[in-house]
1. Given the options 88, 103, 27, state which has the largest fluctuation in a GNM of the chain using a 10 Å cut-off (strictly under) for Cα springs.
2. Quick one: if you stick a label point 7 Å off each Cα along the C-beta vector at residue 38 and residue 68, how many nm between them?
3. For volume of the Cα convex hull per residue in Å³, several values are listed as (1) 160; (2) 130; (3) 176; flag the one computed from this structure.
4. Where a ≥ b ≥ c are the square roots of the eigenvalues of the C-alpha gyration tensor, would you call the range 7-68 rounded, which needs a/c under 1.5, or, failing that, prolate if a/b is larger than b/c, or oblate?
5. What angle do you read, to the nearest 10 degrees and between 0 and 90, between the alpha-carbon axis of helix 11-23 and the longest principal axis of the chain?
6. Given the peptides 66-75, 13-22, arrange them by the average over their residues of other C-beta atoms within 10 Å, most packed first.
7. If I build a Gaussian network model for the chain, linking alpha-carbon pairs within less than 10 angstrom, which residue out of 121, 43, 81 has the largest mean-square fluctuation?
8. Modelled label-to-label distance, residue 116 and residue 89, 7 Å Cα→beta-carbon offset: nm?
């Protein structure tokens, strides 16, 4: 499931999402505050506001359990990263230069993986057209 809109995360939003992703979801504001907020001197309500914002942005889903909400990620960390990359590519006129810069920046292992993924994607598209 995709987030409603692709958005870069601020440092606190990123820390909250990293905690939720690492835990696999099903976290309360209290748990996130204990892990992310208290060491930074943040109020419980600040963490609650950040999590509400992440829910409104479509990155978290929640359900009420008694008086509290239980949160879990709506998308994976990898899906979010892919959305950000697509947003960057959509925002530039010369996509080729951006892609070239990226390809030149990766090591041989990642380049080989990228080549494999491109081959697989082409194969899948050909297969879809043949149906």
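Nothing in this text is a laboratory measurement; each read-out follows from the coordinates by a stated rule. Being a predicted model, the structure only gives us computed values, none of them experimental. Virtual Cβ from ideal backbone geometry, glycine too; neighbours counted across all protein chains shown.
1. With Cα springs under 10 Å in the chain, the top fluctuation among 88, 103, 27 is at 103.
2. Here the answer is 1.2 nm between the modelled labels.
3. (1)
4. Rounded.
5. 90 degrees
6. Going from most to least packed, we get 13-22, 66-75.
7. Per the Cα network of the chain with a 10 Å cutoff, 121 tops the list.
8. In this crude label model, residue 116 to residue 89 measures out at 2.0 nm.
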